[in-house]
Amino acid sequence: MNIILFGPPGAGKGTQGDYLVKDLNFYKISTGDLLRNEINKKTKLGIQIKTTIDRGSLVANTIIKDLVENTISYHSVTKNLIFDGYPRNLNQVNDLDYLLKKYVKKISCVLNLKVSEEIITKRILGRELCEKCGRIFNQFFNPSTEKNHPCGSQYLQKRSDDKKQIIITRYSTYTKETLPVLDYYKNVNLLHEIDGDDKISNIYEEIRRIIDPLGT
Ligand code: AMP
């Protein structure tokens, strides 16, 4: 089973994806994470990517396709995949179709986390990432505590694009370029809508209610 987690920035795709990885042994392909890895390498490409991300725009499709193919080719045999934040425009839908054919895979369902703009802003402004274990927390909705996060709060970091002004641009990029992707998956009957404003645990239950009957 291979899943696409869809939704605006701050919808909770990363958080829900991490639960699925932990419980059902998926491999998560987050294009945002792959891009941040490139930035951390401080290469010329990484610097170029950071400029684009900090503007709130989409990174070039060719760069994304290469990063995704490298990851799929490595993990395709053993694991079911979750795509988080990909595809983000119609060209990337075509690229993904090509890659899935090449590596003999199919998308089983697309889960759209529908979230209001008010919640998105809070989710993004409260987001904190642990640089040690990679887990995502939120100051308002899911704070890091001694009990749920042994690394401790000293490793928590904010993303450089999680700022109020950039959020507005990222949301507008989403509505203009990414939303049309939903129609594509609706037309091929893969789309499931989920109330992404709900509590993290309720969203996860709903996701499991949809995917568990699909088997592996
Ligand atoms: P995310 O971690 O998914 O919120 O992505 C952070 C930023 O990385 C986005 O605002 C884009 O600038 C860039 N990005 C992530 N995924 C993609 C993608 N599939 N295509 C183009 N740009 C992307």
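Within the option set Phe26, Phe6, Phe83, being touching a helix residue (DSSP H, G or I) at 6+ places or on another chain (Cβ under 9 Å), open to solvent by less than 60 Å² (accessible area, probe 1.4 Å), under 23 Å from Lys199 (Cα atoms) and away from the ligand (no atom under 13 Å from the Cβ) holds for one residue only, Phe26.
Inclusion of Gln92 among residues that are within 10 Å of the ligand (Cβ to nearest atom) and either of a type in the set (S, T, N, Q) or surrounded by fewer than 15 Cβ atoms within 10 Å (Cβ to Cβ) (or both) is warranted. Remark: pairs (first residue in segment 50-73, in contact (Cβ under 8 Å) with a residue 60 or more places away in the chain and farther than 15 Å from Asn91 by Cα; second residue of a type in the set (Lys, Arg) and open to solvent by less than 50 Å² (accessible area, probe 1.4 Å); Cβ separation under 6 Å; 6+ apart in sequence or on different chains) = Gly56/Arg170.
Could we say that Asn189 is at positive phi and polar (S, T, N, Q) here?
It is true that Asn189 is at positive phi and polar (S, T, N, Q).
If you go through segment 116-135 one residue at a time, how many are of a type outside the set (Asp, Glu), surrounded by 17 or more Cβ atoms within 10 Å (Cβ to Cβ) and more than 10 Å from Gly10 (Cβ to Cβ)? Of the residues in that region, 3 qualify.
The set of residues from segment 30-58 being more than 10 Å from the ligand (Cβ to nearest atom) and either open to solvent by less than 10 Å² (accessible area, probe 1.4 Å) or of a type in the set (D, E, K, R) (or both) comprises Glu38, Lys41, Lys42, Lys44, Gly46.
Restricting the first member to segment 156-182 and to residues that are surrounded by fewer than 18 Cβ atoms within 10 Å (Cβ to Cβ), and the second to residues that are of a type in the set (Lys, Arg) and not in a helix (DSSP H, G or I), the beta-carbon pairs closer than 9 Å and six or more apart or on different chains are Lys158/Arg127; Arg159/Arg127; Glu177/Arg88. Report yes if some residue within segment 85-96 is of a type in the set (A, V, I, L, M, F, W, C) and touching a residue at least 40 places away in the same chain (Cβ under 8 Å); otherwise report no. Looking for residues that are of a type in the set (A, V, I, L, M, F, W, C) and touching a residue at least 40 places away in the same chain (Cβ under 8 Å), one finds at least one in segment 85-96, hence yes. Within segment 101-109, one or more residues are in contact (Cβ under 8 Å) with a residue 24 or more places away in the chain, in contact with a His (Cβ under 7 Å, 6 or more places away or on another chain) and away from the ligand (no atom under 14 Å from the Cβ).
The values are calculated or read from the model by the stated rules, or taken from the named source; none is laboratory data. Please read these numbers as outputs of a predicted model, since none were measured by experiment. All Cβ positions, glycine included, derive from the backbone under ideal geometry; neighbour counts span all protein chains shown. The accessibility values were calculated without ligands, DNA or RNA, using every heavy atom of the protein model including side chains. Shrake-Rupley method; radii C 1.70, N 1.55, O 1.52, S 1.80 Å.
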